[in-house]
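Notes to accompany the following structure.
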Amino acid sequence: MSGVLVVAEARRGELREVTLELIGAAKGLGQGPLSVAVVDHDPSRFADRLALDGVDAVLAVKTPGEHFEPHVAQSALEGLIAAEQPSLVLLAHSIDSLGFAPAVAARGGLGFASDVTRIWWEDGPVVGRSAYGGKLEAELDFPGRDTVLLLLRGGTFEPAEPGGAAPAWREVAVELREPRSEHVEFREVEAGDVDITKADFLLSVGRGIEDKDNVEQFEELAERLGATLSVSRPLVDAGWVPGARQVGQSGKTVKPKVYLALGISGAVQHLAGMRGADTIIAVNTDPEAPIFSVAHYGAVADLFDVAEQLEQQSG
Amino acid sequence: MARDPKYDILFEPIQLGPKTLKNRFYQVPHCIGAGSEKPGMQAYHRGIKAEGGWGACCTEYCSIHPESDDTSRVSARIWDEGDVRNLKAMTDRLHHFGALAGIELWYGGPHAPCMESRATPRGPSQIPSDFELNIHPRYMDKDDINEVQQMYVDAAIRARDAGFDIVYVYGAHAYLPFQFLSPFYNRRTDEYGGSFENRARFWKESLEKVREAVGDDCAIASRFAVDHLLGATSIQVDEDGVRFVEHVDHLVDLWDLTVGDIAEWGQNAGPSRFFEENHEKPFTGQVKAGNHTNKPVVGVGRVTNPDTMVAIIQSGQFDIIGAARPSISDPFLPKKIEEGRPDDIRECIGCNQCISRWEIGGPPMVCTQNATAGEEYRRGWPPEKFSKAGNADKGVLVVGAGPAGMECAMVLGKRQMSAVHLVEADSEIGGCVNWISKLGHSDGKENLFRGTARGLGEWSRIVNYRQVQLDKLKNVEVHLNSRLSAQDVLEYGAEIVVIATGCHFATDGLNPATHTPIPGADTSLDWQLTPDEVVAGNKPIGQRVLVLENEAYFMGASIAQKLAGEGKDVTLVTQAADVADYMHYTLEAPMLHRDLHRLGVDIRTYTMVDSIEPGACTLYNVWDDRHKDKVEVDTVVLCTQRLSNDELYRELKSDPAALQREGIEAVYIIGDASAPRMIVDSVFDGHRLAREIDSDNPAMPLPFIRERRLWGDTGNGDFESQLLAPSDMVAAG
Amino acid sequence: MRIVVPVKQVAVVDEDFELVDGGSAVDPDFLEWSLNEWDEFSVEAALQMGDEVIVVTVGEEEATEGLLACLAKGADRALRIWDPALEGADALAVARVLAAAVGRESPDLVLCGVQSSDAVNSATGIGLAAHLDLPHLAVARAISADGDSLTVERELEGGLIEVVRVGLPALLTVQTGINEPRYANLRAIKQAREKPLEVLDLAGLGLSESDVDAARGSRLRKLAVPEAGEGAEMLQGSPAEVATRIREIVAERLSA
């Protein structure tokens, strides 16, 4: 077994950005030839996007169906693994991958780990991932497994850059299984009652916004950024915002992908409600604000200035 | 768990004259309705705070002489040896827990009506009190001045005998020393009036004399309102305020700073409706900021958040965190910070119910958040200790998670009942607090005087605290979105059922004045609303609104504030002498009235609604119901009275055979469901039932200790019989 | 419909905790156990749709409480599987064991939670489907039964939903919020103890230790407390530059 097989992910004709991160992660390992598998109705439409530094080959598997189907995807990957015998298979830890990748690993008796945030090589892959809901980090290895299948967490690894020689393009004939489910349609989710615990992206404001009248401005900014507005306790105490939007110990615990905190100092009770967020970005004029101790990114800046810029740039 | 190092600064000791204050948590003088004549209540209420970690606890204002008598309001007194003995119960208890004991020596002058002593209060000039019933003081000549100063000295000596560590010469809240200092009260032309030095002389001399008498043994403190908030007519912080601090700095070991006076005490004991945490900072903060003192400073501002406390000390605003209400709400606040569990702190909501009982004159204190306040001695309730219930094996179903239900379930949980289910029909717990906490706003603009309507958002802490506690209790399950029928209750499988289903507003104008519905009143119509409907916002509100308030507390006025703030033309009608009568006791009335007047609310007192028809209400003055007055309106809001939601309870009680068959041993009803009341009383009701769930007849409250003298005991100050003391340590379960 | 619901009793680590076994496990004294949040929803979905609901778990004694909670809600039968050889079993090893247990029930539908809140592998359900060779769909936010088939809404990234049809028998992994889980009253909690709760080891399922070893996907080398972080990466520059960088980060993270 050798080489790394990255499984590209696409939806509705678009290659998803996370694919570039998988390739970047694979390249970083330097464990032999790097192939990218594209399992799609029309794989060639992604050729340009896969001309990336580090990609040696693109393996195209044509599917009869237009949409992702887990059993077809499963058989495609099983076929590719049988044909290419990679030592490492990388997919995104995404909703679609969750639908079939564990099945591939289970049936194939492969090494397997999901939601991987770190990966390195010690005579075989070793990975790091979160444990106990984020309180700890676990280190896993895969003794006795010639092929290891990993789902990498999105937004964690450096994406590959364009460049390098155009990769070799190869159509791979794989025996595909019949679909066992039928795509009916796509739909957008309706905006209903605000449930901040369901939001992927929270724009959270605190006392720093100073005035009740400013709440509306930040509501609009949230909408423009595609975020849901949440708040820290003082705004609920002051009656500016209903309690359903409160993040914190006596409010809601949230774990969005992105938590953008403007003008929140980070009282212990507030941190308890949001420290599990995947990515925390905090803006505060006080460099000592406790929120910076849990944030992944911070800026000591005036929140109104930054908010204004965000608004203009998203216009 | 360990204390978070960022709070270490709150636990650093600090020297107050000859005494060491062990940490920065200081319970400033405040009233509780105990005085010297309920020594048990006094000792145990102050003592519970010492047990909870407060470094010092003070009496309430303590009269130095029968000429300073505030009856029917309850002050402490240190007139004689009997008082010394009674107050020693307090100091002993504080010392037992390692806290310092403070006594606030008080002479009220004309503010104290002397209705019990029938003495004549003295004052610097013969200007009647702006607070009380125009009590005139006797003008103090030099002999009077010496006599009164001697009263302070004698009282200080008695205080030392009683074991007090900190002795105050109290001049805040416009009591006597301040009356000399302020030209608002002092029109003298001798050496005690006129110039600053002259006006300061009385206070300075009093401090000198007291210091000389007890200063070696006790810390000398002075409570000073650095700004009277009356502008140039009285003391302003940046003029005579800081000047006075500098003038007598050498005579005090501790400054206790406030603002305002007793006539509008709400500017100092600011309710959360109008004042945010640390609201006195612009005034009291100037003393240290301007380097006007070399002595430690304690100040207040309804500070409940430990991070704010740290910021106050680190920024140099004060040296010591003063608290009255936050210490009532959570006597164990310091301990909880020390033990690394600040999330367990029960934060004051600033409702001022505690204050209201003192204002009424007589009743013991209460606290919405802490049902044990005032009950430590007479019912033996410690706030953080709960004995295991004797019937802990019984399962309990509590129906309704409003203030009463939440409190009952929480205490039952802490009493280790094996299984408590708190079931709520709504999608969140909190009951009426959820909509009431949305009131209290008007138009967001500043008021004519200090204090802008900022809403009752902090009242939602009632729910926050209980939410956190209920989550921690493994034996309590909370179920939402579940409305139980009588059949559901019968089948639930609980041996004990507690009905806490709250109340609703009368929909037909039924009211305490006429005892009949009002013709034409019908809130099922879309142009008539109950107050909760106004908050829910599902019915349109026309431009001209009439709000009828017979409720005497905040509801009608708050609805008027909200709608006037939204630009409506509001007429607020009450049959009483004043709207929102009870808000005088909670100190919210002055700011409320300024707000209502600024918003142009048409207030009609002594007025009732005779009838309602589409587009108009007919009103009459209660003193002359022959003359009726028609007012054109688009919308009517009826805050006349409430009615219990007790159908479920009645249905269950109607079939005792079914209860028995299903193994239900008892059905209790608490809170508004039993009888509509104030939130503070609902919380108490739920708490009491849970504390007494294993008594012989939990529905009937157990007797509480009344501190009274029994006929046949020998004379005043010579008690033969021991007052019953409840056990100090509640038996651990 | 007979529905089998695999459930998990998950561990919550106390604020102060200690590691034991050379850093490969958390000291059990610092663990608290409760039923996996996702399983509340899968059990509820089963109770709503099924005539017979069987809950299965791989877990030690502390998992009994979770099973009793499911029985109290209305499940008919429970099965707990444990064997010393299952110590440290990963998602795929558990999936293999579950397959044996679930298979013997011949269910019409298997409902799993998308993930467990402690390990968050999001793999056991689909791994189980593979072993059972059942048609499967992951991350269902709505299910409606239509005779022999199900219409399922899958919750995709970015607020997108995919509507998919699948025939029975099948396995679905179920997302939180799919329904309003019912709760058990005190009577049901008491009566749960009278419902059948079977306990089996590997042998009882006809499995051997080597079956489990072959199925294992990974080995836990060690646990560590994550570094307190070098702290936040501070963004420099003017508000405009900061805003640009924030937008970049947000776009990156949300696309994943």
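Okay, here's what the table says:
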| quantity | calculated |
| --- | --- |
| Along chain A, longest interval not containing exposed trypsin sites (Lys or Arg not before Pro), exposed being DSSP loop plus at most 16 other Cβ atoms within 10 Å | A:13-176 |
| Loop sites in the stretch A:143-228: GluC sites (Glu not before Pro), DSSP, at most 12 other Cβ within 10 Å | A:175, A:190, A:210 |
| Inverse mean reciprocal Cα-Cα distance (Kirkwood Rh) of the stretch C:165-222, Å | 16.8 Å |
| Listed residue (A:253, A:303, A:284) projecting farthest to the positive dipole end of the stretch A:196-314, Cβ model | A:253 |
| Mean-position separation - Cα centroids, the stretch B:316-367 and the stretch C:86-152, in angstrom | 53 Å |
| A:137, C:65, A:21 arranged by Cβ crowding within 10 Å, fewest neighbours leading | C:65, A:137, A:21 |
| Separation of alpha-carbon centers, the stretch B:120-174 and the stretch B:24-55, rounded to whole Å | 23 Å |
| Pairwise centroid distance, computed over Cα atoms, of the stretch B:202-278 with the stretch B:528-556, Å | 42 Å |
| Dipole-positive endmost among C:99, C:215, C:46 within chain C (Cβ charges, Cα centre) | C:46 |
| Too-long pairs where the Cα-Cα distance tops 20 Å, listed order kept, from A:198/A:255; B:22/B:209; B:472/C:195; B:19/B:335; A:198/C:8; B:49/B:335 | B:22/B:209; B:472/C:195; B:19/B:335; A:198/C:8 |
| 14 Å Cα-Cα reach of residue A:27 towards aspartates and glutamates, excluding residues that sit fewer than 8 places from it in its own chain | A:53, A:56, A:158, A:161 |
| Dipole magnitude of the stretch B:168-324 about its Cα centre (Cβ charges: Lys, Arg +1; Asp, Glu -1), debye to nearest 20 | 260 debye |
| Eligible lysines near residue B:568 by straight Cα distance, threshold 27 Å, same-chain separation 8 or greater | A:212, B:438, B:445, B:539, B:628, B:630 |
| Loop GluC sites (Glu not before Pro), the stretch C:149-232 (other Cβ atoms within 10 Å of the site Cβ: 14 or fewer; DSSP) | C:194, C:227, C:230 |
| In order through the stretch B:643-654: 3J(HN,Hα) via Karplus (6.51 cos²θ - 1.76 cosθ + 1.60), integer Hz, x for Gly, Pro | 9, 5, 8, 10, 4, 4, 4, 5, 5, 5, 5, 6 |
| Cβ-placed point charges (K, R +1; D, E -1), dipole of the stretch B:472-613 about Cα centre in debye, nearest 20 | 460 debye |
| Options C:23, A:86, B:2, ranked by Cα towards positive dipole end of the protein assembly as shown, top entry (Cβ charges) | B:2 |
| Candidate aspartates and glutamates - alpha carbon under 12 Å from residue B:394, same-chain residues fewer than 8 apart omitted | B:495, B:665, B:694 |
| Electrostatic dipole magnitude of the stretch B:263-335 [Cβ: Lys, Arg +1; Asp, Glu -1; Cα centre; debye, to 20] | 120 debye |
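All of the numbers you see were taken from the coordinates with simple rules; none came from a lab. Keep in mind that this is a model prediction, so the values were computed, not measured. Glycine gets a Cβ as well: all are built from the backbone with ideal geometry, and neighbour counts include every protein chain shown.
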